[in-house]
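Only one structure is covered here, and it is reproduced in the block below.
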Amino acid sequence: MKIIYSLLYSLILFLSLPFLYMVLRKKGYSLDLEERFVLYRSKKNSPIWFHCASVGELNVAQPLIEYFQKENNILITVFSPRGKEYAQKKYPSAAVKAVPFDLSFLVSRFIKIHSPKALIVVEGEQWFNLITESSQHMPVVSVNARISPDSFRWYRKLSFFYKKIFESYSLIIARSEKDSQYIKHFTDRVVVCGDLKFVSSKNRKDVELKIKGRVLLAGSTHVPEEEVLVEVFKELRKKYPDLKLVIAPRHLERLNDVKETVSRYGLKYSLRTQTRQPDSDVYLVDTLGELSGLYRYADAVFIGGTIADIGGHNILEAVLENKKVVIGKNYHKIKETVEELKKEGAVLVAENKTQLKKALEEVLKNPYTEINFENRAENIFNCYINSIQSVLKQER
């Protein structure tokens, strides 16, 4: 099985390398062939090795990386060039490398060069040689493990292949009972600690905003969400004349389009780069990295990518401020989190514009949840740390 996989992987790699090289070069990124073929030498410092696919997984892993780097050297591998660039900026004290191509001799050489004492794989990175080869040299732990129903059906069809991967882990820490049930079809080495995003989303930036009146904050918006929200905002203003709308577009390159939308509805806007004390109808967040810190100023929160068919963005940053969150019907990327928080009254789902107005009006009357999410995040973090530490102690 290993030989067949490696031959197929090598063939696909050989055929796709020129295309990948050109695409990444066009976007201004390097394929890092020297690192992916492990054509370098490095000082052995026995780090704890974190593997993350890209930016999202790096953010999820943040509380674990920060905890373990207090007493350990840290090595981070990433799959995407953008992820590598981000990791170098976010974790300057860590060694950051592009992950080797998934061939056993490359993974083996990588391990020999760095001599890591453990590998922590974040979320759904099930590379055959990376996992199976590493497991022969060190404990391998999967954190915030998740399997979608579609992935599970695929894994079951190829159970002879995926069972080998899952059984190579020393421990799999699942984010939910449902994920755990899927994983148990392949291995019993699984525990449930909860969604690590509850912990990583706590790290909000401390930002300043002085705004008079109630605040409706729309985070990570896409087309056509700004227009829908402006229409609903104008209707809500009839009942709440002091209401202000804060919009943080997901992609800042769309800022001019959002400005045009706001102006078309006869509303005045101001920009965050211009003022921290807006008195306009609409306040546009044209900065990066501040959204999580702005949620505490909101009386009602809408999370984007849910009216637009994107699948939803991070709702936990707002929920951890004990704010109720309103979203649209397209939330398939965050479905499990939404379904869990809906039961607890922390998330309201609007199927259309009428329901959106009703939900926001309900939240404006009572914007706070009564659940102590701070305690939940702490319990999840302690579960992860204790579970990982127990594996490291057993393997010494």
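The values are calculated or read from the model by the stated rules, or taken from the named source; none is laboratory data. What you are looking at is a predicted structure, and each value in this text was computed from that prediction instead of being measured. Every residue, glycine among them, receives a Cβ derived from its backbone with ideal geometry; neighbour counts consider all protein chains shown. These area figures cover heavy atoms from the full protein model, side chains too; ligands, DNA and RNA do not enter into them. Shrake-Rupley method; radii C 1.70, N 1.55, O 1.52, S 1.80 Å.
Gaussian network model of the chain, Cα springs within a sub-10 Å range: biggest mean-square fluctuation belongs to which of Gln88, Gln136, Gln274?
Gln274
Mind checking the angle between helix 55-68 and the chain's longest principal axis? C-alpha axes, 0 to 90 degrees, to the nearest 10.
The answer is roughly 70 degrees.
Once both axes come from the Cα atoms, what is the angle between helix 81-90 and the longest principal axis of the chain, in degrees from 0 to 90, rounded to 10?
For 81-90 against the chain, the angle is about 80 degrees.
To the nearest 0.05, how large is the calculated FRET efficiency for Phe37 and Ile385 if R₀ is 35 Å and r is the Cβ-Cβ distance?
In this case the efficiency is close to 0.50.
Only one of the listed values, [x] -0.34, -1.46; [y] -0.37, -1.33; [z] -0.50, -1.19, was derived from the coordinates as log10 I(q)/I(0) by the Debye sum over Cα atoms at q = 0.07, 0.15 Å⁻¹; which label is it?
The value computed from this structure is option [y].
Which order do Trp154, Trp127 take when ranked by solvent-accessible area (1.4 Å probe, heavy atoms of all protein chains), largest first?
Trp154, Trp127
Can you list residues from other chains, or at least 5 along the same chain, whose modelled amide H is less than 5 Å from the amide H of Val96?
Long-range HN contacts for Val96: Ile76.
May I ask which of Lys239/Lys365; Lys184/Lys335; Lys329/Lys357 have a Cα-Cα span longer than 19 Å here?
The answer is Lys184/Lys335.
Taking only Cα atoms and a 10 Å spring cutoff, compute GNM fluctuations for the chain and point out the largest among Glu167, Glu336, Glu208.
The residue that fluctuates most here is Glu208.
For the chain, take the longest principal axis of its alpha carbons; what is the angle in degrees between that and the long axis of helix 225-236, to the nearest 10 within 0 to 90?
For helix 225-236, the angle is close to 30 degrees.
Among the GluC sites (Glu not before Pro) within region 60-116, which fall in a DSSP loop and have no more than 14 other Cβ atoms within 10 Å of their own Cβ?
Filter output for region 60-116: Glu71.
Per residue, how many Å² of accessible area does the chain show with a 1.4 Å probe?
Result: 49 Å² per residue.
Considering the chain as a Gaussian network with a 10 Å cut-off on Cα pairs, which listed residue, Ile172, Ile12, Ile74, attains the greatest mean-square fluctuation?
Highest fluctuation among the options: Ile12.
How high is the FRET efficiency between Arg156 and Lys44 when r is their beta carbon distance and R₀ equals 35 Å, given to the nearest 0.05?
0.30
Please list, ordered by chain and number, the residues whose modelled amide H lies under 5 Å from the amide H of Val190; skip anything fewer than 5 residues away on the same chain.
For Val190, whose amide H was placed from the backbone, the distant partners under 5 Å are Ile172.
Could you run the Karplus curve 6.51 cos²θ - 1.76 cosθ + 1.60 with θ = phi - 60° over region 386-393 and give me ³J(HN,Hα) per residue in whole Hz, x for Gly and Pro?
5, 5, 5, 4, 5, 5, 4, 5
Treat each spin label as a single point 7 Å out from the Cα along the C-beta direction, and report the Lys27 to Lys239 distance in nm.
The answer from the label model is 4.4 nm.
Near Lys70, which lysines are there with a Cα under 23 Å away, not counting those fewer than 8 places off in the same chain?
Lys43, Lys44, Lys84, Lys89, Lys90, Lys97, Lys117, Lys197, Lys202, Lys205, Lys393
If I compute solvent accessible area with a 1.4 Å probe over the protein chains, what percent of it on the chain is carbon and sulfur?
Carbon and sulfur together cover 49 percent of it.
Output the lone cysteines of the chain: those with no second cysteine's C-beta under 4.7 Å from their C-beta.
When partners are defined as cysteine Cβ atoms under 4.7 Å apart, the chain leaves Cys52 without one.
Under 10 Å from the Cβ of Leu13, count the other residues' Cβ atoms, weight Lys and Arg +1, Asp and Glu -1, and hand me the total.
Neighbourhood net charge equals 0.
Kindly provide the helix-only [θ] at 222 nm of the chain, computed as the sum of -39,500 (n - 2.57) over DSSP H runs of four or more divided by all residues, to the nearest 500 deg cm²/dmol?
Here the helix-only value at 222 nm equals -13000 deg cm²/dmol.
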